[in-house]
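Visitor: I have a structure here, written as structure tokens, and I will follow up with some questions on it.
The values are calculated or read from the model by the stated rules, or taken from the named source; none is laboratory data. For clarity, every value in this text was computed on a predicted model and none was experimentally measured. When we count neighbours, we look across all protein chains shown, and the Cβ atoms used for this are built from the backbone with ideal geometry, even at glycine.
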Amino acid sequence: MAEVRLTDIRKRFGALEIIKGVDLSIEAGEFVVFVGPSGCGKSTLLRMIAGLEDISSGELTIGGAVMNDVDPSKRGIAMVFQSYALYPHMTVRENMGFALKFAGMAREEIDSRVNDAARILELEPLLDRKPKALSGGQRQRVAIGRAIVRNPLVFLFDEPLSNLDAELRVHMRVEIAKLHKELKSTVIYVTHDQVEAMTLADKIVVLRSGIVEQVGAPLELYDDPANTFVAGFIGSPRMNFLKGRVATIADGHVTVALTSQPEVALTLPIASTSVTTGDAVTLGIRPEHFFAQGMGDAELAVEVDVAEHLGNTSYVYAHVSDSERIIIEHGDVRKIASRETLTIGIAASRSFLFDDEGNRIR
Amino acid sequence: MNAPRFFSTALQYVFLATAAFLSIFPFIWMVISSTNTSIDIISGRTGIGEAFATNVANFFTQVDVPLVFWNSTKVAVLATLLTIVVSSLAGYGFEMFRSKARDRIYALVLLTLMVPFAALMIPLFMMMAKSGLINTHIAIMLPTIASAFIIFYFRQSTKAFQTELRDAAKVDGLKEWQIFLYIYVPVMRSTYAAAFVIVFMTNWNNYLWPLIVLQSNETKTITLVVSSLASAYYPDYGVVMIGTILATLPTLLVFFVMQRQFVQGMLGSVK
């Protein structure tokens, strides 16, 4: 395992800048997940670390050595691709041992490494099969095995579970987490699935349009998002945002009145001095942080559009006004009907305040 | 089955049977004619005759069969291999490497498909003459090697080749030529097989260009020899038919041996 450092990394295609100056420090043995919507540059950034895309400017080091212009095979990385990228004309054994054979390793050593990896991943009965004779999950394990045998400093995973069905994805997610604990290697993992990010990561890097929006532990991002983008991206269903205006500021507290229901006001503690009375702000409340009537600091009347009852919980899709729609997660409510007016409690301790540009006000 | 459905099905069968008959008739006629004398063929005899052995003997007397077959095989196999190597490299390159000029160059390559061979014959002949290649097999092969159609075919097929395989190979330490050789070629083997069948048939049956550049009997290919038999003052059509059958056999053999791969290659190589 090795640490990975990215210093002002940029990627340009002609005049178009895709990665706009990423600074990132990944410690040895850390499991880091790049997460973000499609087109945010997370896969491009991973491919730049792998050496599959040139770095336009900036510096990449792996284990202290500058790797900007080093061949992918000499960076000490191994990569697992979304489509598995197994060589279809080779057996599982040949696929796993191909890089080692190519590097000129002795036959006995290759066999030993392949057999060890096959044992860890329970691939032993499949070693003589071709990829087309394997299921999706088995192919993914072979792809991981192919990475393991190289004994890399850093594992790179590019959306490795995207092609699997929901059940298998959960299974493989657990397998990858176990594998990381066992191998203790540095892992950089790209996904657009925030559940994968939350469950696997030691550290999540949230990307948007080639810029790192926030870096932190999963619960840090959940509990303390830096802006509306991170707040909306981390957590499922996504955070609700309600427009408001600063009514009063006094004694380190700000009172926000909702635009859609001005009679609803919530008072939150504030340290920032950049906010003034009358400023437009956004109140962020996660679906799971609404309360029953009478339980919060303020009460909000919403009209229910649809209620989804999942058994263990219910999601209520409602609107506060014509333009503001919210999702409420409620453990008890099973008999909510469409068009019903619901009064729910909101609490200052469970609300986030953002300025007009979406940045967090603390 | 109701009446309109029956009528429709019957019509389809009649159409298909007619098309099948028209396709296979020349071959059957060729085989039957090879058993008849030239006079019987001209008089329109359609039954199997007794002159087959005579026709074969006459053919082998008039034609240096081993030399002619060696010439044809050498030209067809070498030209096919060279065409496939050059065209697959070009197709791979056109698909894999991004550049501003790529599509313009590719369009130029495709434009060459629109230039008829008749327009190229004289300049080609002059080039070959200046290079001292007239009456050599190299002169036949050179113009066929960079085939725009086969480049197009390989580029289109390469679109199905997963770029992640190339990425995986790079991570595994392969250089570009090694990726081509050890990953691309085996993965695309059906495409290669289909291309081999197409190019081999084209080269084996090549007539006009060899007719122009080959001038001595020692260098002539089977198509030229059969043609010269047919254009004699008193052509022996029984012998011509034997020559035609023998000329057809290698292409049939290649097709039947590679039939499965050919079909797979035409449908798309990568599964």
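Visitor: Filter segment A:160-177 down to the residues that are in contact with a Gly (Cβ under 7 Å, 6 or more places away or on another chain) and within 11 Å of A:Ile144 (Cβ to Cβ) and list them by number.
Guide: A:Met172
Each row is one residue, and each column tells you yes or no for (1) in contact with a Phe, Trp or Tyr (Cβ under 7 Å, 6 or more places away or on another chain); (2) among the aliphatic types (A, V, I, L, M); (3) part of a loop (DSSP other than H, G, I, E, B).
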site: A:Glu263; (1), (2), (3): no, no, yes
site: A:Thr267; (1), (2), (3): no, no, no
site: A:Val275; (1), (2), (3): no, yes, yes
site: A:Glu308; (1), (2), (3): yes, no, no
site: A:Ser321; (1), (2), (3): no, no, yes
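Visitor: Of the residues B:Ala168, B:Ala160, which single one is buried (at least 22 other Cβ atoms within 10 Å of the Cβ), within 14 Å of another protein chain (Cβ to nearest Cβ) and more than 24 Å from the chain's Cα centre (by Cα)?
Guide: Values: B:Ala160 fails: buried (at least 22 other Cβ atoms within 10 Å of the Cβ).
Within the list B:Ala168, B:Ala160, the selection yields B:Ala168.
Visitor: While we're looking at this one, here's another question. So how many residues does segment A:225-237 have that are out of contact with any Phe, Trp or Tyr (no Cβ under 8 Å at 6 or more places or on another chain), without any contact (Cβ under 8 Å) to a residue 60 or more places away in the chain and surrounded by fewer than 22 Cβ atoms within 10 Å (Cβ to Cβ)? Full working, then the answer.
Guide: Residues of segment A:225-237 out of contact with any Phe, Trp or Tyr (no Cβ under 8 Å at 6 or more places or on another chain): A:226, A:229-230, A:233, A:236.
In the following step, the residues that additionally are without any contact (Cβ under 8 Å) to a residue 60 or more places away in the chain were identified as A:230, A:236.
Still in the list and also surrounded by fewer than 22 Cβ atoms within 10 Å (Cβ to Cβ): A:236.
Looking only at that region, the number is 1.
Visitor: Something else about it: Condition check: without any contact (Cβ under 8 Å) to a residue 60 or more places away in the chain and either part of a loop (DSSP other than H, G, I, E, B) or out of contact with any helix residue (DSSP H, G or I) (no Cβ under 7 Å at 6 or more places or on another chain) (or both). Does B:Leu211 satisfy that? Spell out how you get there, then give the answer.
Guide: Values: without any contact (Cβ under 8 Å) to a residue 60 or more places away in the chain: yes; either part of a loop (DSSP other than H, G, I, E, B) or out of contact with any helix residue (DSSP H, G or I) (no Cβ under 7 Å at 6 or more places or on another chain) (or both): no.
In short, no.
Visitor: If a residue has to be under 23 Å from A:Gly252 (Cα atoms), of a type in the set (A, V, I, L, M, F, W, C) and over 29 Å from the mean Cα position of the chain (by Cα) to count, how many in segment A:273-293 make the cut?
Guide: 2
Visitor: Here is a further query. In segment A:6-34, how many are over 21 Å from the mean Cα position of the chain (by Cα) and closer than 20 Å to A:Tyr189 by Cβ?
Guide: 1
Visitor: For the structure I just gave you, tell me whether A:Ile77 is surrounded by 15 or more Cβ atoms within 10 Å (Cβ to Cβ), more than 11 Å from chain B (Cβ to nearest Cβ), closer than 30 Å to A:Glu27 by Cβ and within 31 Å of the chain's Cα centre (by Cα). First the steps, then the outcome.
Guide: Values: surrounded by 15 or more Cβ atoms within 10 Å (Cβ to Cβ): yes; more than 11 Å from chain B (Cβ to nearest Cβ): no; closer than 30 Å to A:Glu27 by Cβ: yes; within 31 Å of the chain's Cα centre (by Cα): yes.
It is false that A:Ile77 is surrounded by 15 or more Cβ atoms within 10 Å (Cβ to Cβ), more than 11 Å from chain B (Cβ to nearest Cβ), closer than 30 Å to A:Glu27 by Cβ and within 31 Å of the chain's Cα centre (by Cα).
Visitor: While we're looking at this one, here's another question. Which of the numbered conditions does A:Arg150 fail, given that it passes all the others? Conditions: (1) farther than 19 Å from A:Leu164 by Cβ; (2) more than 13 Å from chain B (Cβ to nearest Cβ); (3) crowded, with 16+ Cβ neighbours inside 10 Å.
Guide: (2)
Visitor: For segment A:97-117, what are the residues that are in contact with a Ser or Thr (Cβ under 9 Å, 6 or more places away or on another chain) and either in a loop (DSSP other than H, G, I, E, B) or surrounded by fewer than 14 Cβ atoms within 10 Å (Cβ to Cβ) (or both)? Break it down stepwise before answering.
Guide: Residues of segment A:97-117 that are in contact with a Ser or Thr (Cβ under 9 Å, 6 or more places away or on another chain), as a first pass: A:99, A:102-103.
A:Ala103, the sole residue that qualifies.
Visitor: Now for a different question. Look through segment A:58-74, keep the residues that are buried (at least 20 other Cβ atoms within 10 Å of the Cβ) and without any contact (Cβ under 8 Å) to a residue 40 or more places away in the chain, and return whichever of them is farthest from the other protein chains (Cβ to nearest Cβ).
Guide: The extreme case among them is A:Met67.
Visitor: Let me ask you something else. Residue under question is B:Val239, and the condition is that it be over 20 Å from the mean Cα position of the chain (by Cα), buried (at least 17 other Cβ atoms within 10 Å of the Cβ) and of a type in the set (Val, Ile, Thr); does it hold? Full working, then the answer.
Guide: Details: over 20 Å from the mean Cα position of the chain (by Cα): yes; buried (at least 17 other Cβ atoms within 10 Å of the Cβ): yes; of a type in the set (Val, Ile, Thr): yes.
So B:Val239 fits the description; yes.
Visitor: Whether any residue in segment A:278-298 is among the β-branched types (Val, Ile, Thr), outside the structural domain of A:Pro37 (by TED's automatic domain parsing), free of Cβ contacts under 8 Å to residues at least 40 places away in the same chain and not in a loop (DSSP other than H, G, I, E, B) is what I want to check. Reasoning before the result, please.
Guide: Just the residues of segment A:278-298 that are among the β-branched types (Val, Ile, Thr), to begin with: A:281-282, A:285.
With the extra rule that they be outside the structural domain of A:Pro37 (by TED's automatic domain parsing), the set shrinks to A:281-282, A:285.
This time we only want the ones that are free of Cβ contacts under 8 Å to residues at least 40 places away in the same chain, so: none.
No, segment A:278-298 contains no residue that is among the β-branched types (Val, Ile, Thr), outside the structural domain of A:Pro37 (by TED's automatic domain parsing), free of Cβ contacts under 8 Å to residues at least 40 places away in the same chain and not in a loop (DSSP other than H, G, I, E, B).
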